[in-house]
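Here is the structure we will look at, set down as structure tokens.
Quick note: the coordinates plus some simple rules give every number you see, no bench work behind them. These numbers come from a predicted model, not from an experiment. Note: ideal-geometry Cβ built from the backbone for every residue, glycine included; neighbour counts use all protein chains shown.
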Amino acid sequence: MYALKQSQRIFRTAVSQRRLLTISASPRIANTLPGKITQFIEDNANRSKPRNIHVCDGSENEFNVIMSKLMEDGMARNLPKYDNCYLVQTDPRDVARVESRTFISTTRKDDVVPHGQNPGVGVLPNWMSLSDLDNIVNERFHNCMNGRTMYVIPFSMGPVGSKYSKIGIQLTDSPYVVASMRTMTRMGEAALDHVDPDDFVRCLHSVGDPIVPGKPVNKWPCNPEKTIIAHKPETNEIISFGSGYGGNSLLGKKCLALRLGSYMAREQGWLAEHMLILGVTSPHSSKKRYIAAAFPSACGKTNLAMLTPKLPGYKVECVGDDIAWLHFDNKTGQLRAINPENGFFGVAPGTNASTNPVAMKTIFNDTVFTNVASTADGGVWWEGMEPTNQKITDWKGQEWNPKSGTLAAHPNSRFTSPATNCPILDERWEDAEGVPIDAILFGGRRPEGIPLVYETFNWDHSVFVGTTMRSEATAAAEFKGKTVMNDPFAMRPFVGYNMGQYFQHWLQFGQQPGLKLPKVFHVNWFRKDAQNKFMWPGFGDNIRVLDWILKRIENNNSADAVSTPVGLVPTRDSFNLNGLDNINWEELFRIDRPFWTEEVGSLRKYLNDNIGSDLPKELTEQLNQLEARIKA
Ligand code: OXD
Ligand code: MN
């Protein structure tokens, strides 16, 4: 198989009655692969019938072989302008997560679907019975890998060996997935060394596009009509069919770290959240503080996680940009977090030297770009990047110029880069115990009505603010347009069980004695004025908001805040605006009663329609209190 001959050894045969298959793997893997993993491989090989099987060791040599294969097949090309970077172009029908085809499958529907009175489109999770899913899987996976290699990817989410990490074994027929998993997870021999054969997550993925003699071979194989992304949390299984796009196919990320992760977290008393983690050092602060922040997809988590402060003397360091696994230390009660990922799968458009200079120093080596535009000198380009005088080819392979009237890069185009490329990666980013978290931020894109920052009054109110998060729709999923959507805790697409029970799980931490509950804030960088202009500069100036938050944490609420109906907002004196002109402070923090009356009305409707009798009473009480404060 390919050029792996040097390192590979054929160590056993996986048999079906009619066929003989060989499994290739490095000698070390071949000698140690646990029987239950081999069984998992064989069972699926017998059903999907790949041409051959390769167990990945995660080595650089293997990565190079995979990339050569992708280039040979016309799926990737090298970007000579940079070091070890590639460009991949997907089928235009396979560019984002598909929420409508994402399912959680459990014995009881009630464990997944809340008892809303009038559930609407886009309310998740979708449920499917175990038997319906089995039928679909048997039908779709039958012979689906014909002509392709089945890769076996052992991977660890979280630092290898940490007691908080989880190990998965992903089977896939996509070499693009192998290359991406090597960046996004700790993949290969090290993960296998730590696998518990009785406790690993079984991940099965196929692009669903077998190679059949006489049928043209799609450069980006996929099967959009039959795509399904399914999760069986009761048995720790993930099954994904028909899509090669990262959010649907890199099963360690959204599927394991969030959907199965949140289910495990509820059972085991921790939290799996759609949150970045950053460390911030201030000249006024006694020590570095760590903050976790939940924003919906494509709302700037990567930008905040890599922030370059506009205030002198401050430093931000990055632990992670998308997912946090949080637990309260059972001795000290301190909340701690690990980043289960090993890289960044960031949205490219909008990233540039002023919005995210750190990302621009992270992504131009060892990176796979997907669906961005390319330049004649072997580089990449996307909307928001500095103009270039090079000829541009758009993400679909057509010549492009600014007058083309189309987008050069797909709005959900991505870079996949190793975390270790990040020049401000925090020294504790792989700390097996996690970093201590002192504050949690919730936020979203809210052009109207929501102040720049407010602090919650107490834990129940914090959970309410997470529950009632809303944001403009994003290109990361299949939605179009700019409608404001509810996205509780930024977890609407990612929660692995009944959302009402998820709220309850958050609430119960408030009742546990001895826990150091973090302070919680809501932020909104995206408020617009009557001329439709952003009222806050955002990006590096967001350090000013972090600065106020640090003061609120540090000196026992020393930075002054005033109480409003929605939460505690900074006094002007307590907030560093030095060097910033044209900030309309009053407008930025204005609590407009008609707006909030309407907001409460839509929240009540959303929660009744979608969560209904599963809504914890504490949250109804919070909504009533908010309404009363607005009316007062
Ligand atoms: C992501 C997402 O890709 O949230 O991180 O969609
Ligand atoms: Mn995300």
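See the values below:
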read-out: For the stretch 276-291, 3J(HN,Hα) per residue [Karplus equation, 6.51 cos²θ - 1.76 cosθ + 1.60, θ = phi - 60°, Hz, x = Gly/Pro]; value: 7, 10, 9, x, 10, 10, 10, x, 9, 10, 6, 8, 5, 10, 10, 10
read-out: The stretch 383-398 and the stretch 544-616: distance between their alpha carbon centers, rounded to Å; value: 39
read-out: Fewest-first sequence of 24, 285, 174 by Cβ atoms within 10 Å of each Cβ; value: 285, 24, 174
read-out: Angle in degrees between helix 175-184 and the longest Cα principal axis of the chain, rounded to the nearest 10; value: 40
read-out: Three-way shape label, the stretch 219-331, alpha-carbon gyration tensor, a/c 1.5; value: oblate
read-out: Per-pair calculated FRET efficiency, R0 = 35 Å: residue 533 and residue 512 via Cβ, rounded to 0.05; value: 0.20
read-out: Residue-by-residue Karplus 3J(HN,Hα) for the stretch 543-555, coefficients 6.51, -1.76, 1.60, Hz, glycine and proline x; value: 4, 5, 6, 4, 4, 5, 4, 4, 5, 5, 6, 5, 9
read-out: Amide proton proximity set for residue 561, modelled H, under 5 Å, gap of 5+; value: 571
read-out: Length-normalised contact order for the stretch 148-299 - Cα pairs under 8 Å, 6+ apart - percent; value: 17
read-out: Along principal axes, Cα extents of the chain, largest first, whole Å; value: 77, 58, 45
read-out: Fewest-first sequence of 598, 399, 472 by Cβ atoms within 10 Å of each Cβ; value: 399, 598, 472
read-out: Structure-based [θ]222 nm, the chain - -39500 (n - 2.57) summed over DSSP H runs of at least 4, per residue, nearest 500; value: -7000 deg cm²/dmol
